[in-house]
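The values are calculated or read from the model by the stated rules, or taken from the named source; none is laboratory data. Computed from a predicted structure; not experimentally measured. Backbone-built Cβ (ideal geometry, glycine too); neighbour counts: all protein chains shown. Protein only, heavy atoms only, side chains kept; ligands, DNA and RNA dropped before computing areas. Shrake-Rupley method; radii C 1.70, N 1.55, O 1.52, S 1.80 Å.
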Amino acid sequence: MAASELTALGPLVGAIDQGTSSTRFLVFNAKTAELLSHHQVEIKQEFPREGWVEQDPKEILNSVYECVEKTCEKMKQLNINIANIRAIGVTNQRETTVVWDKTTGEPLYNAIVWLDLRTQSTVERLLKRIPGKNKTFSKFKTGLPLSTYFSAVKLRWLLDNVEEIRKAVEDRRAMFGTIDSWLIWVCICGKNGGIHCTDVTNASRTMLFNIHSLEWDPELCKFFDIPMEILPNVRSSSEVYGLMKICPSRKSGALTGVPISGCLGDQSAALVGQMCFQDGQAKNTYGTGCFLLCNTGQKTVFSEHGLITTIAYKMGRDKPAFYALEGSVAIAGAVVRWLRDNLGIAKTSQEVEKLAADVGTSYGCYFVPAFSGLYAPYWEPSARGIICGLTQFTNKSHIAFAALEAVCFQTREILDAMNKDCGIPLSQLQVDGGMTNNKILMQLQSDILCIPVVKPSMPETTALGAAMAAGAAEGVGVWSLNPGDLTAVTCERFEPQINPEESEYRYARWKKAVMKSMGWETSDSPNGKPK
């Protein structure tokens with residue numbers, strides 16, 4: 001690229017995209033939304049016991065530093081001036097819970113990941129204190145059912161089971177946060193004056209946040225017995241939180257002094273990145289899990305069909321909050337990783353796609369990947385994964401196909417619920433996320449939904465959403481969110497290719513399999529303390 005072309009690039013915005021399975025740093029052109037450079041590092045998930053899922057917060061942090069450094073190196077090789085990076089946005093796996101010591105800057109326990117199940121006994125104990133054991137007792141405050149999924153029960157478990165955390169709370173040394181809070185705190189000075197904050201979208205996933213008043217709820221904190229002083233300050237999704245300070249152990253200090261000015265939970269970021277700013281616009285993200293969000297504007301809509309109500313975004317300190325209905329599925333891309341890592345039937349995710357393509361059918365085999373129970377629309381923690389309909393003819397290719405089909409059936413269930421709640425069926429589905437590179441999956445999805453599936457040609461919509469929020473922040477102002485200024489996105493369309501009767505038959509069989517996955521675990525299953 002010639003130097004004369006460089007000057008035309010204009011302001012750039014970076015995005016830290018910290019997901020469940022990987023961390024990435026991406027740099028976008030604020031005028032054209034073009035992705036200029038990025039780097040990705042896979043994150044290790046630890047499974048110390050059945051149903052437990054943990055990650056090392058320091059590994060997550062180091063992966064961010066590595067991605068920032070490597071991306072900056074790649075940009076220098078491309079002759080792109082990194083001094084043009086005017087802001088950084090953060091987007092993150094939601095609900096995953098970290099507690100750290102503000103005096104040492106060290107995590108006090110591994111991060112408990114959103115799909116971890118160890119808190120089932122905590123949930124059951126809390127349910128006994130609610131009249132009628134009503135899981136939706138806080139629905140009209142938080143938008144959420146009482147579930148192992150959300151941060152409050154993970155934090156309660158840590159307080160009950162980890163002496164070091166209890167002691168740090170007593171000594172007023174403890175800080176709680178989701179991954180965004182941990183990263184922002186460390187990246188803005190850490191123990192030397194770090195900013196302890198989160199944004200409204202991440203706060204709305206804790207079960208401690210009132211989504212109407214946009215404040216931590218004292219009654220809910222009392223119910224979960226969580227001290228409010230350990231909670232982060234809640235800010236909008238688009239404002240300057242502080243200036244980046246790069247880790248001194250790294251040779252690159254390239255982005256020191258750049259404002260961190262955008263923060264969105266990953267699914268909210270994808271909604272923004274897909275330009276779903278109008279009431280009724282929806283997107284489905286295929287990552288570790290699968291998440292369908294529909295913008296409901298400035299009003300909260302409460303589901304009658306198992307969906308949750310969440311904050312979509314708040315694009316500035318003085319701007320209104322926008323809300324969304326969400327259908328959450330715990331296991332989507334994770335099922336492909338499971339086939340690769342646990343069963344060893346393929347060495348790569350691409351190989352799983354090839355196995356499925358080889359047969360083009362599951363041959364009557366159905367896979368319900370309820371590894372973490374079932375989320376929307378069932379909210380059934382007792383469910384566990386099953387593969388049924390097996391015969392002597394079934395082989396690994398049929399199981400690979402059934403796994404991909406399972407992702408599509410789960411999406412169909414939450415889309416059906418969304419259509420019932422909204423009253424106006426979606427005429428097409430906008431999609432994004434890593435799994436959308438799988439063309440077999442996208443065609444299957446269209447066939448099972450009986451509507452077109454539309455995929456943007458630039459699939460990094462989650463990171464793009466965080467970059468947009470950061471670039472649009474007051475005091476940065478390099479990215480316009482005015483509808484007329486938003487870049488039109490080119491898309492790939494997948495149209496249904498099977499008749500609706502076949503689709504309905506397969507879907508009915510899937511639902512039969514789901515029923516068989518329920519009631520597997522009982523409340524007296526062993527659930528010990530950490531070693």
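What number, in percent, do you get for the relative contact order of the stretch 320-461 if the mean sequence gap of Cα pairs under 8 Å and at least 6 apart is divided by its residue count? Walk me through the intermediate numbers first.
On the way: 197 pairs, mean separation 32.7, N = 142.
Relative contact order comes out at 23 percent.
PRE reach from Lys319 (point 7 Å along Cα→Cβ): which of the stretch 448-470 fall under 18 Å by backbone N?
461-470
For the full complex of protein chains and a 1.4 angstrom probe, list Met468, Met175 by accessible area with the highest value first. Present the calculation step by step, with values, prior to reporting the outcome.
On the way: Met468 0, Met175 25 Å².
From most accessible down to least: Met175, Met468.
Take every DSSP beta bridge whose two residues both sit in the chain, then give the antiparallel share in percent to the nearest 5.
Working: 54 of 75 bridges.
Here the antiparallel bridges make up roughly 70 percent for the chain.
Calculate the tail of P(r) for the stretch 81-142: the fraction of all Cα-Cα distances greater than 17 Å, expressed in %.
Details: 1292 of 1891 pairs.
Within the stretch 81-142, distances greater than 17 Å cover 68 percent of Cα pairs.
Using Cα pairs under 8 angstrom and six or more residues apart, how large is the relative contact order of the chain, in percent?
Over the chain, the number comes to 15 percent.
Going down the list Lys31/Lys319; Lys354/Lys511; Lys439/Lys511; Lys141/Lys455; Lys44/Lys516, which pairs span over 28 Å between their C-alpha atoms?
Working: Lys31/Lys319 23 Å; Lys354/Lys511 26 Å; Lys439/Lys511 24 Å; Lys141/Lys455 34 Å; Lys44/Lys516 32 Å.
Those over the limit are Lys141/Lys455; Lys44/Lys516.
Pairs of alpha-carbon atoms within less than 8 angstrom and 6+ residues apart define the contacts here; what relative contact order does the stretch 190-272 have, in percent? Walk me through the intermediate numbers first.
Details: 91 pairs, mean separation 24.3, N = 83.
Result for the stretch 190-272 is 29 percent.
Counting just the Cα atoms, what span does the stretch 317-410 cover along each of its three principal axes? Round to the nearest Å and put the largest first.
Cα spread of the stretch 317-410 along its principal axes, largest to smallest: 60, 29, 23 Å.
How big is D, in µm² s⁻¹, for the stretch 110-210 by Stokes-Einstein at 10 °C and 1.306 mPa s if Rh is the Kirkwood radius over C-alpha pairs?
On the way: Rh = 14.8 Å.
Value of D from the Cα-based Kirkwood radius: 107 µm²/s.
Using a 1.4 Å probe on the protein heavy atoms, what percent of the accessible area of the stretch 390-453 belongs to carbon and sulfur? Spell out each step's value before the answer.
Details: 1230 of 2200 Å².
Answer for the stretch 390-453 is 56 percent, counting heavy atoms of protein chains only.
Obtain the nm distance between the two label points defined at Lys74 and Asn499 by a simple spin-label model: each point lies 7 Å from its Cα along the Cα-to-C-beta direction.
4.8 nm
By what distance, in whole Å, do the Cα atoms of the stretch 363-509 stretch along each of the three principal axes, largest value first?
Rounded to whole Å, the extents work out to 63, 35, 34 Å.
Leaving out ligands and nucleic acids, and using a 1.4 Å probe, what accessible area per residue does the chain come to in Å²?
Details: 20530 Å² over 531 residues.
I get 39 Å² per residue for the chain.
Report, in deg cm²/dmol and to the nearest 500, the calculated mean residue ellipticity at 222 nm for the chain, where each DSSP H run with n ≥ 4 adds -39500 (n - 2.57) and the sum is divided by the residue count.
Details: 16 runs with 168 residues, N = 531.
Helix contribution divided over all residues of the chain: -9500 deg cm²/dmol.
Can you give me the % of accessible surface on the stretch 77-164 that is carbon or sulfur? Probe 1.4 Å, all protein chains present, nothing else counted. Before the final figure, lay out the partial values.
Numbers: 1540 of 3010 Å².
Using a 1.4 Å probe with all protein chains present, the stretch 77-164 comes out at 51 percent carbon and sulfur.
How large is the accessible surface of Leu481 in square angstrom, using a 1.4 angstrom probe and rounding to the nearest 10?
50 Å²
Give the peptides 454-462, 29-37 in descending order of average Cβ contacts within 10 Å, highest first. Display every interim value, and only then the final one.
Numbers: 454-462: 20.9, 29-37: 18.4.
In decreasing order of mean packing, 454-462, 29-37 become 454-462, 29-37.
Hey, what's the per residue convex hull volume over the C-alpha atoms of the chain, in cubic angstrom? If you can, show how the numbers build up before the last one.
Details: hull volume 79.0 nm³, N = 531.
Spread over its residues, the Cα hull of the chain gives 149 Å³ apiece.
Whole-Å semi-axes of the stretch 9-144's equivalent ellipsoid, largest first, each the root of 5 times a Cα gyration tensor eigenvalue? Spell out each step's value before the answer.
Working: eigenvalues 289, 69, 31 Å².
So the equivalent ellipsoid measures 38, 19, 13 Å along its semi-axes.
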